[in-house]
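A short write-up of the structure that comes next.
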Amino acid sequence: MTRQAVAAGVSALALLAGTPALAEIRIGASLAITGPAAFLGDPEAKTLEMLAEELNANGGINGEEVELIVYDDGADPNKARTFATRLIEEDEVVAVIGGSSTGATMAMAPLFADYEIPFISLAGAVVIIDPVQEFVFKTPHTDRMACEKIFADITSRGMSKVGLISGTGGFGASMREQCLDVAEASGVEIVADESYGGSDSDMTPQLTNIASTEGIEAIVNPGFGQGPAVVTRNYAQLGIELPFYQSHGVASDEFIKLAGDAANGLRLPATPLLIPDQLAEDDPQRQPVQDYIAAYEEAYGEKPSTFGGYAYDAFHLLVDAIERAGSTDPVEIRDALEATEGLAGVTGVYSFSPEDHMGLDLSAFRILEIEDGGWKPVEE
Amino acid sequence: MSELSQFLVSGVTVGAIYAAIALGFTLIYNASGVVNFAQGEFVVIGGMTAAALIGAGVPVWIAAPLAVFAGMLVGVVLYQLAIKPAREAPLVSLIIITIGASIFLRGAMQAVFDKQIHRYDGFSGDAPLRVGGATILPQSLWIVGGSIAVFAFLAWFLNRTRAGRGIKATASNRMAAALVGINTGRAMNLSFALSAAIGALAGVLATPVTFTSYDVGVLMALKGFSATMLGGVGSPLGALAGGLLIGLIEAMTAGYISSDYKDASAFVVILLVLFLRPQGLFGARITERV
């Protein structure tokens, strides 16, 4: 139940007391700031607050201040729906960012069609934008794209027989399904398919079985949290030599720290956020990535995460749409949002269309290899 | 053949972790009949404290005992503040208090430490050892050794020392124990302190292999509790055997049948054992006199 009026906005208004009050654009957010998905919601909320403060300090949107209203839904779909209703009816917001988790997003989504308010989700699953819902957009790429990207890299190395070892949690299970689904179209054959529980501490039996599968050429580990780090350590423990792929779910410096030397040589699809200094000078994402990292580090004294990046992109997409719409009418904002063309964010370059409310293609993912405990882009 | 030995190594490693957690349950149960649902949190306190200290540059041989001590301290405070004031309450109320304590401790750990996953290097490095066709981490040997040491200590302490026998007497009949001169309050206090210390030790030993974060206690306690039930509540030998057995069943199922049925097969075995031998493999049959 955090209703956080932006501090700067409040103090700026206090300073301006006496002059006519500025009109306000209200933007709502319902995020999992605490609870099981706090690692998503916490950086997302911090990012939004930082951006709103920065925007108001620079004069707001078309001269109007932005008021950010953030609620903490703890990744609970029921709460998320309640907060979405409150944001729309009581707080009278013009747009909503949020849903750190797919569950919360899907619980809120129907409301936005009813009230005709644009909504940008920060959750991963493909069901959010497929089929397309008129008022629902999202910024993260899907697990399906991650599978396609990984398989493209595997086939480009002349391999095709892949073993999967997936976590049984929501992320791992969903990505496993998507990988099985796109395997054939990507020219890849899944020859082994093992799983592990989220809190398991030893996956050597599964890896032993995968490694001894006839003809296997590469191993992919869709998973999230500590599981992939354990798998990576077990992989090194067993001395397996096959090319090893992790998912975008563990694309963070934390993962390298947890997996240690065992992580060297493995590859994963990730956003350019991990390699700010290795992006080409003419890369459209170089500027936003470096801006975001610098601002976040200054505001919070820590590195931003991939998840915070989703919120960064959502906020910029929304501000851009409101500026182009030249209006605070939710429907006009939605129309402008759908017309977004080539907006470079930290996750990728967004171009929405009536058929595509995610707006990213496979180029948003970069295949990175871990080398000496750091990230190195793999030339394509 | 090398596959079988790898599965065995995996089973023993995981089983020893379960056993170390299960051993923590036995002492408090022996003293009070209470199943302490905050036991998993002691494991996490041990792991998180050690991780925080080692992260701050404290050498591991100082950090590890300090972390065990921190766990013990929390155990004593838990007893003094939550259990002792309610000690006349029925057993069920005490068990519910431990559930509340576990939720409170989880929240407190988010505030005191953080929400990140933590790990530190194994005590004897992370280079795997080759045994036959299998590989084993040196830390696994620490965990196995630690579990056996705790088991031996408990077996000796509960049966051979005055304080240990006092704890058992307190559990059996608190009033009678008090009448023959046993300080039952002190026995309870001691059992909470030692249980928490054993839990924290399990956390300190297991963290290089399992990792730790503020919320893993529940799942750890669940597996440890299953091991306790399988082996027989209150029996140190049962906790050790139960833990190893569950670890081995999981590894063999994952290796030979399917990793999807790993957890299920362990629970099926537990159910079967409880049907046929409700007191567990090594539990003493308790006869209630009316």
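The values are calculated or read from the model by the stated rules, or taken from the named source; none is laboratory data. Keep in mind it's a predicted model, so treat the numbers as computed, not measured. Ideal geometry is used to build each Cβ from the backbone, glycine not excepted, and the neighbour counts take in all protein chains shown.
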Single condition B:Leu158 does not satisfy, out of (1) at pLDDT below 90; (2) within 13 Å of chain A (Cβ to nearest Cβ); (3) in a helix (DSSP H, G or I); (4) surrounded by 19 or more Cβ atoms within 10 Å (Cβ to Cβ): (2)
Count of segment B:1-29 residues which are surrounded by 24 or more Cβ atoms within 10 Å (Cβ to Cβ), away from chain A (no Cβ under 14 Å) and of a type outside the set (A, V, I, L, M, F, W, C): 2
Single unsatisfied condition, A:Gly60 versus (1) surrounded by fewer than 24 Cβ atoms within 10 Å (Cβ to Cβ); (2) over 24 Å from A:Asp291 (Cβ atoms): (2)
Residues being within 14 Å of chain A (Cβ to nearest Cβ), farther than 22 Å from B:Ile198 by Cα and either in contact with a helix residue (DSSP H, G or I) (Cβ under 8 Å, 6 or more places away or on another chain) or modelled with pLDDT under 85 (or both) - total across segment B:75-116: 3
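Kindly provide the set of residues from segment B:71-82 that are among the aliphatic types (A, V, I, L, M) and surrounded by fewer than 22 Cβ atoms within 10 Å (Cβ to Cβ), ordered by number.
Answer for segment B:71-82, where residues must be among the aliphatic types (A, V, I, L, M) and surrounded by fewer than 22 Cβ atoms within 10 Å (Cβ to Cβ): B:Leu73, B:Val76, B:Val77, B:Leu81, B:Ala82.
Which of the residues belonging to segment B:74-98 are assigned to a helix (DSSP H, G or I) and free of Cβ contacts under 8 Å to residues at least 60 places away in the same chain? Show your work before the answer.
Step one: of segment B:74-98, the residues assigned to a helix (DSSP H, G or I) are B:74-86, B:91-98.
The answer is B:Val77, B:Leu81, B:Ala82, B:Pro85, B:Ala86, B:Leu91, B:Val92, B:Ser93, B:Ile96, B:Ile97.
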Every residue from segment A:256-274 that is surrounded by fewer than 17 Cβ atoms within 10 Å (Cβ to Cβ) and assigned to a loop (DSSP other than H, G, I, E, B): A:Asn264, A:Gly265
Selected residue [outside the structural domain of A:Phe224 (by TED's automatic domain parsing), among the small types (Gly, Ala, Ser) and farther than 24 Å from A:Asn56 by Cα] from A:Ala314, A:Ala280: A:Ala280
Where a residue in segment A:249-265 is more than 17 Å from A:Tyr310 (Cα to Cα) and its partner, wherever it lies, is polar (S, T, N, Q) and surrounded by fewer than 18 Cβ atoms within 10 Å (Cβ to Cβ), with Cβ under 7 Å and at least six apart: A:Glu254/B:Gln116
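Restricting to segment A:212-231, give me the number of residues that are of a type in the set (A, V, I, L, M, F, W, C) and either at the interface with chain B (Cβ under 9 Å from one of its Cβ atoms) or over 26 Å from B:Asp121 (Cα atoms) (or both). Give the derivation first.
Here is the first cut: in segment A:212-231, the residues of a type in the set (A, V, I, L, M, F, W, C) are A:216, A:218-220, A:224, A:229-231.
From the residues that got through so far, the ones that are either at the interface with chain B (Cβ under 9 Å from one of its Cβ atoms) or over 26 Å from B:Asp121 (Cα atoms) (or both) too are A:216, A:218, A:229-230.
Going through segment A:212-231 one residue at a time, the tally reaches 4.
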Restricting segment A:130-146 to residues that are at pLDDT 90 or above, out of contact with any Gly (no Cβ under 8 Å at 6 or more places or on another chain) and in a loop (DSSP other than H, G, I, E, B), the residue that is surrounded by the most Cβ atoms within 10 Å (Cβ to Cβ): A:Phe135
Of all residues making up segment A:339-358, the number that are touching a helix residue (DSSP H, G or I) at 6+ places or on another chain (Cβ under 9 Å) and in contact (Cβ under 8 Å) with a residue 60 or more places away in the chain: 11
Flag if B:Ile182 is β-branched (Val, Ile, Thr) and touching a strand residue (DSSP E or B) at 6+ places or on another chain (Cβ under 9 Å): no
Residues located in segment A:161-181, provided they are crowded, with 18+ Cβ neighbours inside 10 Å and away from chain B (no Cβ under 14 Å): A:Val162, A:Phe171, A:Ser174, A:Met175, A:Gln178, A:Cys179
Out of B:Phe42, B:Phe69, B:Phe153, sole residue that is in a helix (DSSP H, G or I), farther than 20 Å from B:Thr207 by Cβ and of a type outside the set (Gly, Ala, Ser): B:Phe153
Residues being at the interface with chain B (Cβ under 7 Å from one of its Cβ atoms) and either part of a loop (DSSP other than H, G, I, E, B) or among the hydrophobic types (A, V, I, L, M, F, W, C) (or both) - total across segment A:186-207: 4
Looking only at segment A:232-255, and only at residues there that are within 12 Å of chain B (Cβ to nearest Cβ) and buried (at least 23 other Cβ atoms within 10 Å of the Cβ), the one that is modelled with the lowest pLDDT: A:Val250
Evaluation of B:Ala264 against (1) over 18 Å from the mean Cα position of the chain (by Cα); (2) at pLDDT 90 or above (one fails), failing number: (2)
Which listed residue, of B:Gly11, B:Gly46, B:Gly33, B:Gly15, is among the small types (Gly, Ala, Ser) and on the phi > 0 side of the Ramachandran plot: B:Gly33
Unmet requirement for A:Gly326, which otherwise passes all of (1) assigned by TED's automatic domain parsing to the domain that holds A:Val132; (2) surrounded by 14 or more Cβ atoms within 10 Å (Cβ to Cβ): (2)
Some residue of segment B:204-213 being within 14 Å of chain A (Cβ to nearest Cβ) and surrounded by fewer than 18 Cβ atoms within 10 Å (Cβ to Cβ): no
